[in-house]
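The values are calculated or read from the model by the stated rules, or taken from the named source; none is laboratory data. Small disclaimer: the values here were computed from a predicted structure and weren't measured. Cβ placement follows ideal geometry from the backbone for every residue including glycine, while neighbour counts extend to all protein chains displayed. Surface areas here come from the heavy atoms of the whole protein model, side chains and all, with no ligands, DNA or RNA. Shrake-Rupley method; radii C 1.70, N 1.55, O 1.52, S 1.80 Å.
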Amino acid sequence: MLQRIKINGLTWSPDKNKASVLDNINIEFEENQFYGIIGPNGAGKSSLVRQIVGLKKPSSGNILFDNVDIQSIDKNNIAKKISFLPQSFYRDIDFNVYDVVSMGREPYRNYFQALKKEEVDIINEALEYTGCIKIKDRSMTTLSGGELQRVMIARTLVQDTPWIVLDEPVSNLDIKYQLELMDLLERLRTEKNKTIISVMHDINLAKSYCTFIVMMKDGKVHEYGNCDEVLTKEKIENLFDLHLKLFQFIV
Amino acid sequence: MIKKCKTGYIITLILILILVVLVSVSLGSTQIGAVSNDTYEIIIWKIRLPRICLAVLVGGALAVVGAVFQAMFANPLADPHILGVSSGAALGATIAMLTGITFNVLGIGAIGCFAFVGALLTVLVVYALAKVCGVESIANILLIGTAVSTMLSAVISILMVFNHDQIEKVYLWVMGSVSAATWLKNAFVAIVVIICMVIIMIHSRKLNLLMMGEEDASCLGLDTDKIRKRLMVLCSVTVAATVSVSGIIGFVGLIIPHCVKMITGSDHRKVLPYSFLCGSVFLVVCDTIARTIAAPTEIPVGIITSVCGAPFFIGLILKQKKKLK
């Protein structure tokens, strides 16, 4: 049976007296797709992904993971199903890359359990897959933005969840690393059957990699559907309140 | 290097601790000769060894609690006294001294018992206030802890103003000393410290996750609120037990974790055991200096820890900076 995340009438406000950041959201995410969430600043994109991974409690409505309310699932079990890459990480902690990547096994380990041989293999495989094997002994404090992002992706692989949720994963990266990271995510989807839900700012990247697009504006879902249907000139202009000139490059 | 020979470093530190303890036992205002007699036995077994053992326990425990608080509050200035535990203990001890109450529970006198209860009550007040203000905010707990601590210190000052004759006694207690050690008191501190240290060290991997940030730790399956509360209770009980027998010994809990992290990195599986051993060595050395440097007069060990610790710490920071250049 296909795994799915269903959001029903989700409304969220950080404070009872403040306006809603998310307003009556209804969407369904199906497995093995690449979802891009786009929209202007303050549209509620980051708030939505935090709801999906269970970090914030909805004011009303719910999020069902395989028909079970995500708020009723304990954190450890959520961590075995959905991994999350926030926008930024603490960088000034003197952990080495291998230790950070092996943290991905935490949901599967109790207080006393050492890493099993299979788990060490999973970690090494993830380090290879993301090109981090050469930097595995380096301290986190010495990594570049691109390397750090790759290390975090490696940790996500080690966490071994069917769903990967990301909040602007390419925002701090140069164009080379942006493409590398997006290629890596696409490979995860096609080769390892992962489902990707990512907040994105770059519409060109969204167009190249996403299968579905969620357009958000003022805390509401503005448009939702197949990438080619949603990413049209009119809809983008409407979303960002601007006029666009479209250029098509064939490489 | 440190990653490859973890056991080697632990064994080296244990050997250094044993050496420091042996040297410390042989030093004091009375010279211990090669021939042992009854007086020497009393000096060693009833005076020097109990206080050295207490210094081992208190120094180690304060350093570990300092490391835990610095990680948990993501604040390099956090030390074991930050939640107001020590001020509560000091107020309890002051009340016991001023009222002149005397009793004895498990070898601990009225001052120690009042200090222990005062410390625990203060932590409860800090937690209760933090809960009202929103327990999820770490900054709230720190601010409330500091505010309560300052207020209690002011109350102690008021009590001292109205009781001139007791000022010296209260002041010396607050400065911290392990001179009042007995085997019975040590047994109480050892039970509390060993139980709490073992449980805290079992959490060292979870503490590493907490350092990655609240959201990141949650997404790796950690119930951050539960772990944080558990660690705060363990640390508070540890500090309450140590402060009630030794007064407020400053600086150990602040500098030892930083010194250790300069060598080991941030991994708490190494930071916590190394901090315990280094804290023990440091306090035994400081206590030996405190009781020998101006013998037969004794200087409160809290003063020595600050006087020796501060320049040493600044030196380490400068050395680290040079290395980075």
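The mean number of Cβ atoms from other chains found within 10 Å of a Cβ in peptide A:105-115 is 2, as a whole number.
Computed from label points 7 Å out along Cα-Cβ, the spacing between B:Val132 and A:Asn26 is 4.4 nm. Considering all C-alpha pairs of the stretch A:15-114, those separated by over 19 Å amount to 57%. This model, with +1 at the C-beta of Lys and Arg and -1 at the C-beta of Asp and Glu, gives chain A a dipole about its Cα centre of some 380 debye. Kirkwood analysis of the protein assembly as shown, using all unique Cα-Cα pairs, places the hydrodynamic radius at 26.8 Å. Residues B:His164, B:His258 ordered from highest to lowest accessible area at a 1.4 Å probe: B:His164, B:His258.
Translational diffusion of chain B was estimated from the Stokes-Einstein equation, with Rh taken as the Kirkwood radius over Cα pairs; at 10 °C and 1.306 mPa s the coefficient is 78 µm²/s.
The mean sequence separation of alpha-carbon pairs under 8 Å and at least six residues apart, normalised by the residue count of the stretch B:7-324, gives a relative contact order of 31 percent. Peptide B:220-226 shows a mean partner chain C-beta count of 5 within 10 Å per residue C-beta.
Taking amide H atoms as placed 1.01 Å from N in the peptide plane, the amide H of B:Val178 lies under 5 Å from those of B:Val301, each 5 or more residues away in sequence or on another chain. Inverting the pair-averaged 1/r between distinct Cα atoms of chain A gives 19.1 Å as its Kirkwood hydrodynamic radius. Select from B:Ser246, B:Ser157, B:Ser236 the residue whose mean-square fluctuation is largest in a Gaussian network model of chain B (Cα-Cα springs shorter than 10 Å). With Cα springs under 10 Å in chain B, the top fluctuation among B:Ser246, B:Ser157, B:Ser236 is at B:Ser157. Comparing mean-square fluctuations of A:Glu191, A:Glu223, A:Glu119 from a GNM of chain A with C-alpha springs under 10 Å, the top value falls on A:Glu191. Any chance you could check the stretch A:80-95 for residues losing 20 Å² or more of accessible area when the partner protein chains are in, compared with the chain on its own (1.4 Å probe)? Going by heavy-atom accessible area, the residues of the stretch A:80-95 that drop by at least 20 Å² are A:Phe84, A:Pro86, A:Tyr90, A:Ile93, A:Asp94, A:Phe95. Estimated from helical segments only, the mean residue ellipticity of the protein assembly as shown at 222 nm is -18500 deg cm²/dmol, where each DSSP H run of four or more residues counts as -39500 (n - 2.57). Give me, ordered by chain and number, the residues 5 or more places off A:Val199 or on other chains with an amide H under 5 Å from its own placed amide H. It is A:Ile37, A:Leu166, A:Asp167, A:Glu168, by chain and number. Peptide B:209-218 is shielded by partner chain Cβ atoms: per residue, an average of 5 of them sit within 10 Å of its Cβ. For the stretch A:152-251, the list of chymotrypsin sites (Phe, Trp or Tyr not before Pro) that fall in a loop by DSSP and count at most 16 other C-beta atoms within 10 angstrom reads A:Phe247, A:Phe249. The accessible area of B:Ser179, taken with all protein chains in place and a 1.4 Å probe, comes to roughly 60 Å². Rounded to the nearest Hz, the phi-derived 3J(HN,Hα) couplings of the stretch B:69-83 under the Karplus curve 6.51 cos²θ - 1.76 cosθ + 1.60 (θ = phi - 60°) are 5, 4, 6, 5, 8, 6, 9, x, 8, 5, 9, x, 8, 5, 8, where x marks glycine and proline.
So which trypsin sites (Lys or Arg not before Pro) in the stretch B:218-273 pass both tests, a DSSP loop state and at most 15 other Cβ atoms within 10 Å of the Cβ? Loop-located and lightly packed - none at all. Among B:Ile303, B:Ile95, B:Ile18, the residue with the largest mean-square fluctuation in a Gaussian network model of chain B, with springs joining Cα atoms closer than 10 Å, is B:Ile18. The loop-placed trypsin sites (Lys or Arg not before Pro) in the stretch B:43-114, going by DSSP, include none that has at most 12 neighbouring Cβ atoms within 10 Å of its Cβ. Per residue, the convex hull around the alpha carbon atoms of the stretch A:93-184 comes to 109 Å³.
Summary value for chain A: 27 percent relative contact order, contacts being C-alpha pairs under 8 angstrom separated by 6+ residues.
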